[in-house]
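This report refers to the structure that appears directly beneath it.
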Amino acid sequence: MTTVGVVGASARAAVHALTRAGFSAWAVDQFNDRDLKRIAACALCPSNDYPTAIPELAALFPPGPFIYTGGLENHPDIVSELSQTRELWGNPPEVLTRVRDPIQLTAMLNDAGFATPRAATQPVEGRWLRKPLSSGSGIGIRFAQPGEPDSPRHYIQEFIEGVPMSAIYSGTTFIGVTEQLIGEPWLHALPFAYCGNIGPVATPPGALNTLADSLGLRGVWGLDFILKGDAPYPVELNPRYTAAVEVLEHATGKNLPPRPPLLQGGGSLTSPPPPEGWGAGGVSSSRVIGKAVYYAPRAMTFPQSGPWDADLTGTFDPWRLPGFADIPDAGNAVQTGWPVLTFFATGNTPTEVRERLQSRATELDRLFAEHSR
């Protein structure tokens, strides 16, 4: 059995995907949550050493391939260093540099037929966002203020009113779409913070189907966009395994794991085709899955037990949708605004799933109120 390393801010979802595909895994991330540690050897990368300590921590594990998750797409130097000693299953540093540059990405998206939000050095008429160049999970995004000075670490992007969505691809194959939960007050999230996905959802694909051919990406990756009417406005590209993938996997019962690239004619690297049943946005399913990230409304100590206990006992089944995931160790101190844990719900429609997620969030409010500090 091939053992694959997973490195990044949070590794649990990708480790579960690899397990569903028949791989074993090890992980280096910033949380080392209990449901990760029960199925994979892992090392903790402290926040003050992230991500520079990842290569040294990864060296503690046996040789073999690796993938990276959220956050590391902003650090091509770390991906490059890891690639010196391990096979990379994913997009190489030169691709990260290209697609994470908002100017280059906008040009590529325009060439592919997309309308994109306008960019400016300073906000003008209308509403504009001030976004970090090294963004992740919506952290640091806010509305731009008229007349504020330029920042070399930020860019200004037009705010588009609409529904936030995430499209998932495998190499050049369009897989499907989920609706994103962004800045939800009932999850105590900051205004632009990522806090979950619901899907699959139907949306007019249009250029979504043909986008991937022009970008030269491989492996599993995602495109975040705002759906305004029938028009998708891309706002960010995530050139790696994304948090939305497990929603589509559990909804369809089909695995879409990160896999090794293949060498084809001319020596170019490309992704293998996705498993049978994927492709052309064909994630038809009567089952809709929702995942939500609960943020701490106040400082708290994570309790000894709770409704997540069932997800930490018995034989691990990667195809069983958990009630809860990303579960901290009992006694962990959680500061106001930090992510606490992830929870899931199922239903027949996105609206039904959202209501069930909101109901569970209310239950967590009552439970965690007893453990505030």
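Within the stretch 18-29, no residue satisfies the criterion of being surrounded by fewer than 24 Cβ atoms within 10 Å (Cβ to Cβ) and within 15 Å of the chain's Cα centre (by Cα).
This table checks each residue for (1) of a type in the set (Gly, Ala, Ser); (2) touching an Asp or Glu at 6+ places or on another chain (Cβ under 9 Å); (3) not in a strand (DSSP E or B).
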site	(1), (2), (3)
315	no, no, yes
337	yes, no, yes
345	yes, yes, no
356	no, no, yes
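One residue stands out among those in the stretch 18-29 that are in a loop (DSSP other than H, G, I, E, B) and at negative phi: the one that is modelled with the lowest pLDDT, which is 21. Of the set (1) closer than 27 Å to residue 338 by Cα; (2) of a type in the set (S, T, N, Q); (3) out of contact with any helix residue (DSSP H, G or I) (no Cβ under 9 Å at 6 or more places or on another chain), all apply to residue 110 but (1). Within 26 Å of residue 9 (Cβ to Cβ) and modelled with pLDDT of 95 or more: is that true of residue 318 in this structure? No: the conditions fail for residue 318. Looking across the stretch 62-85, the residues that are surrounded by 19 or more Cβ atoms within 10 Å (Cβ to Cβ) and in a loop (DSSP other than H, G, I, E, B) come down to 69, 70, 71, 75.
When we screen 174, 192 for residues that are touching a strand residue (DSSP E or B) at 6+ places or on another chain (Cβ under 8 Å) and assigned to a strand (DSSP E or B), the only hit is 174. If I go through the stretch 345-362 residue by residue, how many of them are surrounded by 12 or more Cβ atoms within 10 Å (Cβ to Cβ) and either on the phi > 0 side of the Ramachandran plot or touching a helix residue (DSSP H, G or I) at 6+ places or on another chain (Cβ under 8 Å) (or both)? Qualifying residue count for the region: 5. Determine whether residue 15 is touching a strand residue (DSSP E or B) at 6+ places or on another chain (Cβ under 7 Å), of a type outside the set (Lys, Arg) and part of a strand (DSSP E or B). Judged against the criteria, residue 15 is not a match. Look through the stretch 30-48, keep the residues that are more than 19 Å from the chain's Cα centre (by Cα), part of a helix (DSSP H, G or I) and at pLDDT 95 or above, and return whichever of them is nearest to residue 260 (Cα to Cα). Here the residue is 37. Of the residues in the stretch 149-168, none is part of a loop (DSSP other than H, G, I, E, B), within 17 Å of the chain's Cα centre (by Cα) and charged (D, E, K, R). If you check 97, 85 for being out of contact with any strand residue (DSSP E or B) (no Cβ under 6 Å at 6 or more places or on another chain), closer than 26 Å to residue 233 by Cβ, at pLDDT 85 or above and hydroxyl-bearing (Ser, Thr, Tyr), only one passes: 97.
Residues checked against (1) modelled with pLDDT under 95; (2) in a loop (DSSP other than H, G, I, E, B); (3) among the small types (Gly, Ala, Ser):
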site	(1), (2), (3)
234	yes, no, no
237	yes, no, no
255	yes, yes, no
260	yes, yes, no
266	yes, no, yes
276	yes, yes, no
284	yes, yes, yes
292	no, no, yes
304	yes, yes, no
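The values are calculated or read from the model by the stated rules, or taken from the named source; none is laboratory data. Bear in mind that the values here come from a model prediction, so they are computed numbers and not experimental data. Every residue, glycine among them, receives a Cβ derived from its backbone with ideal geometry; neighbour counts consider all protein chains shown.
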